[in-house]
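Note sheet for the following structure.
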Amino acid sequence: MNDTLKATKLDFALIKPYMKNICFTMAIPVAFAALNRSLMTGVSFAMCFIAMTSGYTFSVSEKSGMDRLYGILPISKKHLVFGRYLYTCSMGLLAFLFAMIVHPLVLRVLGETVRPVDICLATVLGILMFTLYTVFQLPGYYKFGSINGRIFMYIPVVGFLAILLFVSKLDVTNNPIFVVLAGNPIISVIAVLLVCIIAYLLSIIMSIKIVQGKEV
């Protein structure tokens, strides 16, 4: 665990020059939520944006030729992967908490009503979307690198637009799926968390196999 935390700290150090960009990335969805007047789409947009920054660590390490450094560090490749995933999830959690605190306040200032069902749906959809984005992005970056794997950066954009199109055609109030989610918020969140945990476990296993198969 200690080695994993060290690898996570290294990743946070790598993205330090990008912190202003990341903070700006977290702020843009606030304006989107205000214009759209929807907590669910605002939080989803925030998770989309922060997922797009998951390639920063790969980009910095690739530009700086850090593969050789990783090879001589007293940390196994497995822990380096664990650290990268922990860093990514930490950034996602920070963006999610920021969105869930700021977006409802902005909407209420604008006179919008933020209902418990809105908070439940935004939580479930935001966590699930971020997971689906990153579990495919990270193995892709490990396999192809930040330059050749640049196409993986657009997974969140495509996913967000698809979800936005899908949700816009649904009647949230009368749709049976949303009614069930709203009526069982705790069970819904637990179910989503279990799905996310399984997805990350599979993604981590894939990434470790990719990294261990590479020669440094």
Report task. Kindly express, to the nearest 10 degrees and within the range 0 to 90, the angle between helix 77-109's C-alpha long axis and the longest C-alpha principal axis of the chain. Result -> 20
Report task. Treating the angle as unsigned and between 0 and 90°, give the value, to the nearest 10°, between the Cα long axis of helix 2-14 and the longest Cα principal axis of the chain. Result -> 80
**Report entry** Rounded tilt (10° steps) of 185-212 against the dominant C-alpha axis of the chain
**Finding:** 20
Query raised in the report: Given a Förster distance of 35 angstrom, what is the FRET efficiency for Leu202 paired with Ser90, based on the Cβ-Cβ distance and rounded to 0.05?
Result: 0.95
Query - Length added when fully stretched, Asn36-Ile101, from 0.36 nm per residue minus Cα-Cα - result: 21.7 nm
Query raised in the report: Over the C-alpha atoms of the chain, what are the Rg and the largest Cα-to-Cα span, Dmax, in Å?
Result: 18.2, 58
Requested in this report: Run down the lysines and flag those whose C-alpha is under 28 Å from the C-alpha of Lys6, throwing out any fewer than 8 positions away in its chain.
Outcome: Lys16, Lys20, Lys63, Lys77, Lys78, Lys143, Lys209, Lys214
Requested in this report: Rounding to the nearest 20 debye, state how big the charge dipole of the chain is about its Cα centre with +1 on each Lys and Arg Cβ and -1 on each Asp and Glu Cβ.
Outcome: 460
Query raised in the report: Which of Ala13, Ala33, Ala199 moves the most in a Gaussian network model of the chain with Cα springs under 10 Å?
Result: Ala13
**Report entry** Förster radius 35 Å - calculated FRET efficiency between Val114 and Lys63 (Cβ-Cβ, nearest 0.05)
**Finding:** 0.25
Query raised in the report: Build a GNM of the chain with springs between Cα atoms under 10 Å: which of Leu110, Leu128, Leu138 gets the top mean-square fluctuation?
Result: Leu110
Query raised in the report: What residue among Gly92, Gly111, Gly42 has the largest mean-square fluctuation in a Gaussian network model of the chain, using Cα springs under 10 Å?
Result: Gly111
Report summary line: Between the modelled labels at Asn148 and Leu194 (7 Å from Cα along Cα→Cβ) the distance in nm is 3.9
Requested in this report: Before anything else, pin down the relative contact order of the chain: Cα pairs under 8 Å, at least 6 apart, normalised by residue count, whole percent.
Outcome: 29
Query raised in the report: To the nearest 500 deg cm²/dmol, what mean residue ellipticity at 222 nm is calculated for the chain from DSSP H runs of n ≥ 4 alone, each contributing -39,500 (n - 2.57), summed and divided by the residues?
Result: -27500 deg cm²/dmol
Query raised in the report: Gain in length, Ser76 to Gln212, computed as 0.36 nm per residue apart minus the alpha-carbon separation, to one decimal in nm?
Result: 48.0 nm
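Values in this text are rule-based calculations from the coordinates and carry no lab data. All values reported here derive from a predicted model rather than from experimental measurement. Note: ideal-geometry Cβ built from the backbone for every residue, glycine included; neighbour counts use all protein chains shown.
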